[in-house]
Amino acid sequence: MAKKDFYDVLGVPKGTDEAGLKRAYRSLVRELHPDANPDDPKADEKFMEVKEAYDVLTDPKKKAMYDRYGMAAFENQTSAASSNSRAGGGFDTRSGGFGGFGIPFDDIFEGFAGGMRTSSAQRHTMPARGADHLVNVTISFEDSFKGVKHEVELTKNDICATCTGTGAAPGTKPELCPVCNGSGVVRTVRQTFLGSMATQMSCDACGGRGQVIKTPCRDCNGRGRVRKNHKVTIPIPAGVEDGVRLRMPGEGDPGDRGGPAGDLYIQLRVQPHSQFRRSGNDLLVELPISFTQAVLGDEVPLKTLDGTINVKVPEGTESGSVLRQRDRGFPGSGGYGRGDLRITVRVATPKRLNESQKEALLAFAKAMGDEALEGTNSSGKGIFDRVREAIRGDQK
């Protein structure tokens, strides 16, 4: 049968440099290796075809002859080389490669055999961290401001008290697996045209644990773990925001084989408040005052989240003005610093006045003088006009 063009075998154009040939070869070796294609009866043939093409094109002298004469230059040599390769096989320490391939076997099959061996052994014999848990917690706006200790109940795994986590019934203990001799893996060796090929798989007899339990504990059915309800007190710090996720290390499931316990995560939801709002670390609130208080000024008591304070309202305060109380807002991250309390003043307009109140207010407005107050309204009306219209109920 006529051989294929070596460049076509490797899937590269003529003139490809050595690095390009090596990349193509590595990719094909992974894809066409007989161990990776156990159901393909021509796997060995395809594999050797790739090897032969790579051997020729990476040898400067052979490549020069092939580029000039084609396959005719190697009809005898290639068949002999193929026979020798099949007869020899094994690991060639002189070339540093597998069967004289020129590329280290571990380099070609990176993670193919060695990776499987490492993962199966480590997965079942090394310490393993316990599982994490997540709970959703809703707290009040006041609690987010001051901080609170919140108790939750969750069901998680716990070490079985009867067998102390071994999984074996009292008076017995786990035994070394007779199949894998405690290694957790089973090694098999088979002969191929390349020589002996060793593979390792997780031991089915012990599930890769290296031990078997002949008499399981009745309380945990050999698991070494039981499900139990736990009450956990969560310290929620002052200043937490809605949507924050807290973490409590070591409050998850216990680890295996001496591994650390998992963590407990708390997803927080903060309920809104009817009076207060939050902006960053600032606490926002509105303060209603009377028209007289706005004009003359006053000290107005205000109940906040951490006690009642007296807010000083300056003379002539307009509705919508913001008064700031330093360091009376939410605590900052880590407890450092605090935000401010921002008080938005809302001046209440009187809606129902008796005759004496109307006369007094009109007298006040006349005494103030309308001309001095002109221009304070976009409509051109002074405060006198607006006060009079509000009292008489004919404002438009």
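The values are calculated or read from the model by the stated rules, or taken from the named source; none is laboratory data. A quick note: this is a predicted structure, and the numbers were derived from the prediction, not measured. Methodologically, a virtual Cβ is constructed for each residue, glycine included, from the backbone with ideal geometry; neighbour enumeration extends over all protein chains shown. Heavy atoms of the whole protein, side chains included, go into the accessibility calculation; ligands, DNA and RNA do not. Shrake-Rupley method; radii C 1.70, N 1.55, O 1.52, S 1.80 Å.
Which ranges mark the strands (runs of 3 or more DSSP E) fully within region 212-293 that have 1 or more residues being charged (D, E, K, R) and buried (at least 16 other Cβ atoms within 10 Å of the Cβ)?
Working: elements: 225-236, 245-248, 264-270, 277-279, 282-290.
Per the criteria, 225-236, 277-279, 282-290.
Give the number of residues within region 1-27 that are open to solvent by less than 70 Å² (accessible area, probe 1.4 Å) and in contact with a Ser or Thr (Cβ under 7 Å, 6 or more places away or on another chain). Steps first, answer last, please.
Initial filter on region 1-27 (open to solvent by less than 70 Å² (accessible area, probe 1.4 Å)): 5-7, 9-12, 15-16, 19-21, 24-27.
Restricting the remaining residues to those that are in contact with a Ser or Thr (Cβ under 7 Å, 6 or more places away or on another chain) gives 21.
The qualifying residues number 1.
Scan region 191-208 and give yes if some residue there is touching a Phe, Trp or Tyr at 6+ places or on another chain (Cβ under 9 Å) and charged (D, E, K, R), otherwise no.
Within region 191-208, none of the residues are touching a Phe, Trp or Tyr at 6+ places or on another chain (Cβ under 9 Å) and charged (D, E, K, R).
Matching residues to (1) surrounded by fewer than 12 Cβ atoms within 10 Å (Cβ to Cβ); (2) in contact with a His (Cβ under 8 Å, 6 or more places away or on another chain); (3) assigned to a helix (DSSP H, G or I):
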residue	(1), (2), (3)
324	yes, no, no
329	no, no, no
342	no, no, no
345	no, no, no
353	no, no, no
359	no, no, yes
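Go through region 166-201 and count every residue that is open to solvent by less than 30 Å² (accessible area, probe 1.4 Å), at pLDDT 80 or above and either farther than 14 Å from residue 223 by Cα or within 35 Å of the chain's Cα centre (by Cα) (or both).
Number satisfying all stated conditions: 6.
Take the residues of region 33-65 that are closer than 18 Å to residue 190 by Cα and small (Gly, Ala, Ser): which is surrounded by the fewest Cβ atoms within 10 Å (Cβ to Cβ)?
My answer is 36.
Which one of 30, 117, 86, 68 is over 17 Å from residue 197 (Cα atoms), charged (D, E, K, R) and either open to solvent by 50 Å² or more (accessible area, probe 1.4 Å) or modelled with pLDDT of 50 or more (or both)? Give the derivation first.
Working: 30 fails: over 17 Å from residue 197 (Cα atoms); 117 fails: over 17 Å from residue 197 (Cα atoms); 86 fails: over 17 Å from residue 197 (Cα atoms).
That would be 68, the only listed residue that is over 17 Å from residue 197 (Cα atoms), charged (D, E, K, R) and either open to solvent by 50 Å² or more (accessible area, probe 1.4 Å) or modelled with pLDDT of 50 or more (or both).
Of the numbered conditions (1) in a strand (DSSP E or B); (2) loosely packed, with under 13 Cβ neighbours inside 10 Å, residue 137 fails exactly one; give the number of that condition.
The one condition residue 137 does not meet is (2).
With the requirement that a residue be without any contact (Cβ under 8 Å) to a residue 60 or more places away in the chain, within 13 Å of residue 54 (Cα to Cα) and either assigned to a loop (DSSP other than H, G, I, E, B) or of a type in the set (Val, Ile, Thr) (or both), what does region 15-41 give you?
16, 17
Please work out if residue 249 is under 25 Å from residue 126 (Cβ atoms), free of Cβ contacts under 8 Å to residues at least 24 places away in the same chain and not basic (Lys, Arg). Break it down stepwise before answering.
Numbers: under 25 Å from residue 126 (Cβ atoms): yes; free of Cβ contacts under 8 Å to residues at least 24 places away in the same chain: yes; not basic (Lys, Arg): yes.
Here the answer is yes, as residue 249 does meet what is asked.
Check 278, 324 and return the single one that is of a type in the set (Lys, Arg), closer than 23 Å to residue 136 by Cα and touching a strand residue (DSSP E or B) at 6+ places or on another chain (Cβ under 8 Å).
Values: 324 fails: closer than 23 Å to residue 136 by Cα.
Just a single option satisfies the conditions, and that option is 278.
Give me the residue from region 127-176 that is touching a residue at least 12 places away in the same chain (Cβ under 8 Å) and among the basic types (Lys, Arg) and, out of that set, nearest to residue 231 (Cα to Cα).
This residue is 156.
Any chance you could count how many residues in region 294-322 are part of a loop (DSSP other than H, G, I, E, B) and either touching a residue at least 24 places away in the same chain (Cβ under 8 Å) or open to solvent by less than 70 Å² (accessible area, probe 1.4 Å) (or both)?
Pass one, region 294-322, residues part of a loop (DSSP other than H, G, I, E, B): 297, 305-306, 314-321.
Applying the additional criterion that residues be either touching a residue at least 24 places away in the same chain (Cβ under 8 Å) or open to solvent by less than 70 Å² (accessible area, probe 1.4 Å) (or both) yields 297, 305-306, 314, 316-321.
Total meeting the criteria: 10.
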